[in-house]
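Taking it in order: structure first as structure tokens, then the write-up.
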Ligand SMILES: Nc1nc2c(ncn2[C@@H]2O[C@H](COP(=O)(O)OP(=O)(O)OP(=O)(O)O)[C@@H](O)[C@H]2O)c(=O)[nH]1
Ligand SMILES: [Mg+2]
């Protein structure tokens with residue numbers, strides 16, 4: 001009996017040790033590595049809480065027979081779709097004003113969404129000189145993949161494309177960029193890992209000019225928008241491009257993962273303050289996430305969505321279309 005009790009105690013002690021070992025936090029790393037999820041393991045979807053299906057069915061439910069006060073419910077529905085409290089509040093107020101005339105609330109919300117998104121905007125690149133696109137965003141949002149797709153799209157339009165591997169931080173980042181470049185015949189400028197990202201951008205501007213490229217797309221390392229030193233590094237890359245090219249980048253695209261939810265608002269604010277973001281590339285819209293956060297980004301910061309990523313393939317990049325985005329958000 002005593003032997004059995006003893007064995008059980010020993011087994012429990014071993015199990016406890018194993019458990020502690022597994023749950024011990026990771027040791028100290030660099031600031032960037034310690035805070036950054038790897039690109040192959042993106043952060044869990046914050047919008048997973050939003051049930052599948054569009055907003056329209058839920059809005060109709062809120063306005064269904066017997067419902068007393070649908071407005072707080074409408075606001076909850078919008079917030080759950082990552083639209084953000086301020087923009088949700090604006091939509092509810094505007095819809096409520098017009099609903100008095102007895103219109104369909106779903107149609108009114110749709111109109112409001114399209115109004116906030118405004119005209120669908122395209123990338124604004126010059127036709128008579130080297131156009132420069134700086135790509136920024138948090139870790140794993142889809143920057144390099146979007147660059148690969150964009151390079152292919154531009155090459156298919158007959159443009160000569162160069163790429164700058166200014167992500168000198170992540171292991172194998174330049175190999176990943178190189179693999180994408182091969183598909184589109186783009187020329188890549190990169191240096192060894194750990195090199196100064198600004199120096200790579202500087203060389204790339206000079207090389208792209210020397211090759212008479214039409215467009216240079218600059219990849220940068222993923223960074224947490226709350227890490228000031230990393231945002232300073234990004235500002236420096238932008239300054240260096242401006243110095244080398246004589247003008248700031250023509251487009252600075254924030255790559256926003258549609259599954260990151262309302263955190264996208266804080267990301268957009270921080271990146272816009274640091275490097276004057278001119279547009280959003282909304283990625284991973286092929287999953288269940290519907291990207292309601294871009295409404296808040298447009299409403300609060302005035303930054304339009306310009307591109308939409310709908311998969312991992314080279315052809316899975318579309319120009320943003322406000323009407324179809326609104327339909328997707330509302331629909332199934
Ligand atoms: N489903 C889907 N996956 C995507 C899309 N865009 C990118 N991905 C995937 O997201 C993951 C991260 O993509 P990357 O392009 O490496 O992201 P990144 O922002 O460059 O990552 P870091 O450089 O590490 O910050 C990869 O597995 C991509 O295949 C998209 O539109 N849809
Ligand atoms: Mg990358």
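Bear in mind these aren't lab numbers, they're just calculated from the coordinates by the rules spelled out. All values derive from a computational prediction rather than experimental measurement. Backbone-built Cβ (ideal geometry, glycine too); neighbour counts: all protein chains shown.
Some values worked out for this structure:
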| quantity | calculated |
| --- | --- |
| Which numbered condition residue 215 misses (of (1) closer than 15 Å to residue 278 by Cβ; (2) out of contact with any strand residue (DSSP E or B) (no Cβ under 6 Å at 6 or more places or on another chain)) | (2) |
| Odd one out for residue 186 among (1) within 16 Å of ligand 1 (Cβ to nearest atom); (2) closer than 16 Å to residue 208 by Cα; (3) within 23 Å of the chain's Cα centre (by Cα) | (3) |
| Options 155, 179, 80: the member that is surrounded by 15 or more Cβ atoms within 10 Å (Cβ to Cβ), within 30 Å of residue 227 (Cα to Cα) and without any contact (Cβ under 8 Å) to a residue 40 or more places away in the chain | 80 |
| Residue among 188, 136 that alone is without any contact (Cβ under 8 Å) to a residue 60 or more places away in the chain, within 16 Å of ligand 2 (Cβ to nearest atom) and closer than 21 Å to residue 220 by Cβ | 188 |
| Residue pairs meeting the criteria (Cβ under 6 Å; at least 6 apart or on separate chains; first within 16 Å of residue 311 (Cα to Cα) and in contact (Cβ under 8 Å) with a residue 12 or more places away in the chain, in the range 249-265; second assigned to a helix (DSSP H, G or I) and within 16 Å of ligand 2 (Cβ to nearest atom)) | 255/143; 255/146 |
| Which listed residue, of 281, 296, 268, 274, is within 16 Å of ligand 2 (Cβ to nearest atom) and either in contact with a strand residue (DSSP E or B) (Cβ under 7 Å, 6 or more places away or on another chain) or over 27 Å from residue 152 (Cβ atoms) (or both) | 281 |
| Per-region count, the range 299-321, residues in contact (Cβ under 8 Å) with a residue 40 or more places away in the chain, surrounded by fewer than 20 Cβ atoms within 10 Å (Cβ to Cβ) and in a helix (DSSP H, G or I) | 1 |
